[in-house]
Amino acid sequence: MIHIRTEEEIKKIRLACKVAAHSLAEMKKKCFAGITTGQLDEIGEKAIIENGAVPIFKGYRGYKYATCISINNQVVHGIPGDTKIEDGDIVGLDVGVKLNGYCGDVAETVIVGRVGNRIKKLVKTAREALYSGIKQIKEGIRMGDLSAAIQKCAEKNGFSVVRDLFGHGIGEQLHEDPLIPNFGKAGEGAQLKAGMVFAIEPMLNEKGWKIALLDDGWTIVTDDGGYSAHFEHTIVVEKNGAEILSRS
């Protein structure tokens, strides 16, 4: 079931998204070589709580942290801890919150120090792929239209899109219907209607699209060791476009 949200519901999701975006921005300020992923997580959690929200990742299916922090070949769901960020890393910061009964979700990959041109291009393309998908959104299009736009942006730049992980609906719950693939064919899939709220999140890999799960049960990495970049925004479908609710 894909929900059509009322104006009051959208207002609440927008507020949750603003807290999520603010918390991610606070983490970005400190995302430099030498800080640990655990310290970054503490910064994110503090910002969430200070703004009256709850870190929705914490306790989700037994997860113990407020945020997910994924480095280099880690695609998503990296667990914060003692790992120190190093010069030359790319760091995926993923934040989800719940406020007044509604959720917000946002993610960004940050370049730390100096990286090679191909990795710079990977991060830049992942961001562009997100916005390529969002640009397609308006009432009446098919889900495949935005999925195909994301895939086209990735592949024309020489990268692959992860095919086993998806964007998702969001509202009272962090993950709701529908699943939103980052690949597909234009003209296929569910038809979008104004008031639908989605978390769009392309994950682009430097090499192949296949992934693997580490023994910790959470961290997802590229199967071939290539780097990966991840960007996410929560959006609401409008008649003639989409509003990005999680813009900082």
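A short reminder: the numbers here are calculations on the coordinates, not readings from a lab. What you are looking at is a predicted structure, and each value in this text was computed from that prediction instead of being measured. We place every Cβ from the backbone using ideal geometry, glycine too, and count neighbours over all the protein chains shown.
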Restricted to segment 237-248, and to residues that are over 15 Å from the mean Cα position of the chain (by Cα) and surrounded by 21 or more Cβ atoms within 10 Å (Cβ to Cβ), which residue is farthest from Ile4 (Cα to Cα)?
Ala242
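So is Gly52 part of a loop (DSSP other than H, G, I, E, B) and either without any contact (Cβ under 8 Å) to a residue 40 or more places away in the chain or of a type outside the set (A, V, I, L, M, F, W, C) (or both) or not? Give the steps one after another, and end with the answer.
On the way: part of a loop (DSSP other than H, G, I, E, B): yes; either without any contact (Cβ under 8 Å) to a residue 40 or more places away in the chain or of a type outside the set (A, V, I, L, M, F, W, C) (or both): yes.
For Gly52, the condition - part of a loop (DSSP other than H, G, I, E, B) and either without any contact (Cβ under 8 Å) to a residue 40 or more places away in the chain or of a type outside the set (A, V, I, L, M, F, W, C) (or both) - is met.
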Residues that are surrounded by fewer than 18 Cβ atoms within 10 Å (Cβ to Cβ) and part of a loop (DSSP other than H, G, I, E, B): does segment 127-139 have at least one?
yes
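Could we say that Gly195 is free of Cβ contacts under 8 Å to residues at least 60 places away in the same chain, farther than 29 Å from Lys121 by Cβ, of a type outside the set (A, V, I, L, M) and not in a strand (DSSP E or B) here? Working first, answer last.
Details: free of Cβ contacts under 8 Å to residues at least 60 places away in the same chain: no; farther than 29 Å from Lys121 by Cβ: yes; of a type outside the set (A, V, I, L, M): yes; not in a strand (DSSP E or B): yes.
Here the answer is no, as Gly195 does not meet what is asked.
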Per the filter on segment 56-80, residues over 19 Å from Glu201 (Cα atoms), crowded, with 19+ Cβ neighbours inside 10 Å and not aromatic (Phe, Trp, Tyr) are Pro80
In segment 45-55, anything surrounded by fewer than 23 Cβ atoms within 10 Å (Cβ to Cβ) and β-branched (Val, Ile, Thr) is listed as Ile49, Val54
Residue by residue through segment 100-122, note down the ones that are surrounded by fewer than 23 Cβ atoms within 10 Å (Cβ to Cβ) and out of contact with any Lys or Arg (no Cβ under 9 Å at 6 or more places or on another chain).
Val112, Gly113, Arg114, Val115, Gly116, Asn117, Arg118, Ile119, Lys120, Lys121
Residue check: is Leu174 assigned to a helix (DSSP H, G or I) and touching a residue at least 40 places away in the same chain (Cβ under 8 Å)?
no
Among the residues of segment 3-42, count how many are polar (S, T, N, Q) and either closer than 30 Å to Gln191 by Cα or in contact with a helix residue (DSSP H, G or I) (Cβ under 6 Å, 6 or more places away or on another chain) (or both).
2
Would you mind telling me which numbered condition in (1) crowded, with 24+ Cβ neighbours inside 10 Å; (2) more than 20 Å from the chain's Cα centre (by Cα) Thr83 fails?
(1)
If I go through segment 23-44 residue by residue, how many of them are buried (at least 22 other Cβ atoms within 10 Å of the Cβ) and of a type outside the set (A, V, I, L, M, F, W, C)?
4
